[in-house]
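The values are calculated or read from the model by the stated rules, or taken from the named source; none is laboratory data. Just so it is clear, the structure is predicted and the values come from calculations on it, not from any experiment. Cβ atoms come from the backbone with ideal geometry, glycine included; neighbour counts cover every protein chain shown.
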Amino acid sequence: MSKTYYDPADLRKFGNISEWNEELGAKFFDYYGKVFEEGALSAREKSLIALAVSHVVQCPYCIDAYTKDGLQRGIEKEEMMEAVHVGAAIKSGATLVHGVQMMNKYEKLSM
């Protein structure tokens, strides 16, 4: 197996982040757990959102975790890819809309 910068085994160590600050770690995991409980959105819907966001923020650990979570929740590969495309579209749009700032600045400076 080739060595990568991100070690997939590190995902299993996520819970260890509390070791260096138990109070904040516990608060984070309480919050994280609450976020993913069933609510107005189903756990399945939240898993798809998490998968899309994982790609947008480019977190390989999250991508692995929410791909696995999605499979366990019966999410089909086509649904996963569509969620990734939604994330990509939003990221692209957010990048492009900042082009308006550049256009405004260009107009102001070139007067």
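Quick notes
- Count of the stretch 61-71 residues which are charged (D, E, K, R) and without any contact (Cβ under 8 Å) to a residue 40 or more places away in the chain: 2
- Output for the stretch 62-87, where each listed residue is of a type in the set (A, V, I, L, M, F, W, C) and in a helix (DSSP H, G or I): Cys62, Ile63, Ala65, Leu71, Met80, Met81, Ala83, Val84, Val86
- For the stretch 9-61, filtering for residues that are under 18 Å from the mean Cα position of the chain (by Cα), among the hydrophobic types (A, V, I, L, M, F, W, C) and assigned to a helix (DSSP H, G or I) leaves 13.
- The stretch 90-102 residues that are part of a helix (DSSP H, G or I) and basic (Lys, Arg), paired with ones that are surrounded by 10 or more Cβ atoms within 10 Å (Cβ to Cβ) and modelled with pLDDT of 95 or more (beta carbon under 7 Å, 6 or more apart): Lys91/Val56
Here is a yes/no grid of residues against (1) of a type outside the set (Lys, Arg); (2) in contact with a helix residue (DSSP H, G or I) (Cβ under 6 Å, 6 or more places away or on another chain):
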{"residue": "Glu38", "(1), (2)": "yes, no"}
{"residue": "Lys46", "(1), (2)": "no, no"}
{"residue": "Ala52", "(1), (2)": "yes, yes"}
{"residue": "Tyr66", "(1), (2)": "yes, yes"}
{"residue": "Asp69", "(1), (2)": "yes, yes"}
{"residue": "Met80", "(1), (2)": "yes, yes"}
{"residue": "Val84", "(1), (2)": "yes, yes"}
{"residue": "Gly87", "(1), (2)": "yes, yes"}
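- First in the stretch 44-60 and over 13 Å from Gly87 (Cβ atoms), second anywhere and assigned to a helix (DSSP H, G or I) and among the charged types (D, E, K, R), Cβ under 7 Å, 6 or more apart: Ser47/Asp69
- Taking the stretch 10-34 as the range and being within 22 Å of Met80 (Cβ to Cβ) and surrounded by 11 or more Cβ atoms within 10 Å (Cβ to Cβ) as the test, the residues that pass are Leu11, Phe14.
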